[in-house]
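Derivation of every value follows stated rules applied to the coordinates shown; laboratory data play no part. Note that this is a predicted model, so its numbers are computed, not measured. Every residue, glycine among them, receives a Cβ derived from its backbone with ideal geometry; neighbour counts consider all protein chains shown.
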Amino acid sequence: MLSEDNVAGKISDERFSKMSKRYEEEQGGLTARIKELKTELDKQSGKSITTDMFIATVRKYTRAKKLTERMLNELIARVEVHHAERVEGEYRQNLIINYTCIGSIEIPDIMSLPEPIV
């Protein structure tokens with residue numbers, strides 16, 4: 001052990017002081033990192049629970065014939081409507097739908113399908 005080596009005279013007091021200080025700094029850094037990781041783990045666990053809740057809510061409405069106000073209130077937290085922009089002669093407007101429990105979902109652009117060969 002470091003303190004025993006110092007007492008036995010195997011390392012100088014100055015060397016012991018430097019090594020002890022470095023050890024304390026490392027311990028402080030590791031303690032902070034453990035705290036960060038525990039917080040991240042708690043967040044991820046919470047997301048899993050909320051995702052499961054969202055899926056359960058969606059399953060209630062898989063056979064719905066009509067979209068109702070109640071469905072919207074259960075599934076959607078808010079809708080963000082952005083200003084329309086003119087892109088290549090067409091107006092485009094971005095909407096972001098923030099779902100209950102899971103937030104917004106990024107849906108990738110779908111490439112247009114090729115024309116069938118007849």
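Can you run phi through the Karplus equation (6.51, -1.76, 1.60; θ = phi - 60°) for segment 79-84 and list ³J(HN,Hα) in whole Hz, with x for Gly and Pro?
Listing the rounded values in order: 10, 9, 10, 9, 4, 6 Hz.
Show me, bin by bin at 10 Å from 0, the whole-percent P(r) of segment 47-86 based on Cα pairs.
Bin by bin from 0 Å, the calculated values are 23, 42, 24, 12, 0.
With the radius of gyration and the Kirkwood radius both derived from the Cα set of segment 2-104, what is their ratio Rg to Rh?
On the Cα set of segment 2-104, Rg over Rh gives 1.45.
Find which of Tyr61, Gln93, Thr50 sits farthest along the positive direction of the dipole of segment 2-104, computed with +1 on the beta-carbon of Lys and Arg, -1 on that of Asp and Glu, about the Cα centre.
Of Tyr61, Gln93, Thr50, it is Tyr61.
Cross-link candidates for Lys43: which lysines have Cα within less than 18 Å, leaving aside residues fewer than 8 places away along the same chain?
Lys35
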